[in-house]
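Here's the structure, in structure tokens; my notes come after.
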Amino acid sequence: IAGIIKGEEGILLKIGGTENHVHLVTRLKPRHVIPDMLQKIKANSSKWINKHKKINGRFSWQGGYGIFSVSESQLPKTIEYVDNQKKHHQRITFKDEFIGFLEKNGIQYDLEHIWK
């Protein structure tokens, strides 16, 4: 994933996650189109994982994603959060946290479509 981002002239600052999701903290250029970047990351990483048989069976990403901007002042806190994913999600599930974040920030969502 770092190589894919670097190949697109972005910078991966931190990667982390758990068994059911991944967080990427990146710096991208203003010319980057987020859906295009994520499509490249998902397609190329899936291809690599399957080619090198990194898991049993066939790997594929879920269809959707969430993306949030972070101010420079919040970057250290965000990186720390990504570093502590396993510990963090012992207290709250990813789904509950994600929905709470959407609600806290007034982002409209439809539960029927959010986890497809």
> Just for the range 1-17: of the residues that are part of a loop (DSSP other than H, G, I, E, B) and open to solvent by less than 60 Å² (accessible area, probe 1.4 Å), which one is farthest from F94 (Cα to Cα)?
Replying inline: E8
>> Going through L24, L75 one at a time, which residue ends up being touching a residue at least 40 places away in the same chain (Cβ under 8 Å) and touching a Leu at 6+ places or on another chain (Cβ under 9 Å)?
In response: L75
>> Just to be sure before I move on: is V70 touching a residue at least 12 places away in the same chain (Cβ under 8 Å) and in contact with a helix residue (DSSP H, G or I) (Cβ under 7 Å, 6 or more places away or on another chain) in the structure I sent?
In response: yes
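The rows are residues; the columns are (1) part of a helix (DSSP H, G or I); (2) within 24 Å of I1 (Cα to Cα); (3) open to solvent by less than 80 Å² (accessible area, probe 1.4 Å).
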| site | (1), (2), (3) |
| --- | --- |
| I41 | yes, yes, yes |
| K47 | yes, yes, no |
| N56 | no, yes, no |
| G64 | no, yes, yes |
| F68 | no, yes, no |
| V82 | yes, yes, yes |
| I107 | no, no, yes |
| H113 | yes, no, no |
>> Show the residue pairs meeting these rules: Cβ distance below 6 Å; 6+ apart or different chains; first residue within the range 90-116 and closer than 12 Å to G66 by Cα; second residue aliphatic (A, V, I, L, M) and modelled with pLDDT of 90 or more.
In response: Y109/L102
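Say whether the condition of being outside any helix (DSSP H, G or I), hydrophobic (A, V, I, L, M, F, W, C) and at pLDDT 95 or above is met by at least one residue in the range 18-27.
yes
The values are calculated or read from the model by the stated rules, or taken from the named source; none is laboratory data. Everything quoted here is computed from the prediction, not taken from an experiment. We place every Cβ from the backbone using ideal geometry, glycine too, and count neighbours over all the protein chains shown. Surface accessibility is based on the protein's heavy atoms, side chains included, excluding ligands, DNA and RNA. Shrake-Rupley method; radii C 1.70, N 1.55, O 1.52, S 1.80 Å.
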